[in-house]
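Working notes for the structure below.
Values quoted throughout were computed directly from the atomic coordinates according to the rules given, and no laboratory measurement underlies them. The model shown is predicted, which means the values in this text are computed figures rather than measured ones. Glycine gets a Cβ as well: all are built from the backbone with ideal geometry, and neighbour counts include every protein chain shown.
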Amino acid sequence: MARPQEDMGRVGLWYGGIDALPSPQAREAIQEAEALGYGALWLAEAVGRDPFAHAGILLSATERIVVATGIANVYARDAMTMVAGQRTLAEAFPGRFMLGLGVSHAHLVAGVRKHDYSKPYSYMVDYLERMANARFMAAQPSVEPGVLLAALGPKMLELSATKANGAHPYFTTPEHTAISRETMGNDALLAPEQMVVLSTDAEEARAIARAGMKIYLGLPNYYNNLARLGFDESDWSDGGSDRLVDAIVAWGTEEQIAARVAEHHAAGADHVCVQVLTANAASAPTDEWRRLAPALLG
C-alpha cells in the first residue's frame, strides 16, 4: 500500500509517560513539543488512558503536530470501533492523527484483558480485513487516514507493507531498520522508535537505560526479535549486557544521540520516534527535548 498522507516529519517524540501527567500538564508537554518543531508525539496504550480520547485532548491543545498511537491494541476494541475512533479524529484534525496498531503482548491481552492470544498474527490479518470493510456513516475525513503496524518479524513487516501503510517497530536497532526496509520495500512508511539518554557518564546512562528496558526484556516478542539480530541468553543477565544496552539505547551528547537517529534514517527510516529516558520518570522530559531539538531538527 502507499505511504500515509499524514506528515510527521523526520523526527518525533515517543512518550508513554504522558499518561501519568494530569491533563493540563499533558497539554503543556505537547505544546512544548510542537513549539520545538517535533513532527509527532506518540502515545501508548496499556492500562492507562484511552488513546483516542487522549489524542483528542492533545490535538485540541495544538495546531500542527501529529498525534500517533504507538500502539492502539487491536484486542481492546473491535475493528468497527477502531475505524470510528480513527476517522472521527482524522475528520476533526485533517492530517494530524496517525493510527498505529499492534497485537500487544500476552500478559496484557490474555492476562489483563482475558482474550485469546494464541494466534496474534492471524488475528491481525483478519482484523485489518474487518477494518477495511467496516461501516462509518458519519462525516468523512478530507485526508484519508493511514495505518501503521507494530511489526518486528518478517511476516508482520510484510503485512505492514501489503495491508497497511507501513510499520512502527519498537525496541529495535538501526540494523533492524535496514532489515525492515528491505522486507517492506520502498513504498511503505517506516517509523522506528529509539530510546535515548542524555548523559555522557556511562554508569549513569546505562543505569537509566536498564530501568527503561526492564519491562521489555521479559517479553517474548522483543526477545525473539533481538535473538534474530544476534543477541543471546548472555545479553539478558543483570538487566542486559552493555552490548545490548548500547544497541537499544543511544546515550551521550546531543550529537551522539543525533548520530544514532541518523543511522536509522540512513538504514531506511522515514520518521524516528525518539523516546527520552530519565532518572525522574514522573515528569515530562521537556528539558531534554529542548536540548536535543537543535541536533535532531536542525
(message) Explain nothing, just the number: dipole magnitude of segment 74-201 about its Cα centre with +1 on each Lys and Arg Cβ and -1 on each Asp and Glu Cβ, in debye rounded to the nearest 20.
(response) 460
(request) Would you mind pulling out the separation of the Cα centroids of segment 141-201 and segment 75-138, in Å? (result) 17
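Give, rounded to the nearest 20 debye, the magnitude of the charge dipole that the chain has about its Cα centre when Lys and Arg contribute +1 at Cβ and Asp and Glu contribute -1 at Cβ. Kindly include the intermediate steps, with their values, before the conclusion.
Values: 24 positive and 35 negative charges, 179 e Å.
Magnitude of the dipole: close to 860 debye.
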(request) For the chain, build the charge dipole from Cβ charges (+1 Lys, Arg; -1 Asp, Glu) around the Cα centre, then report which of GLY146, ALA134, HIS264 sits farthest towards its positive end. (result) ALA134
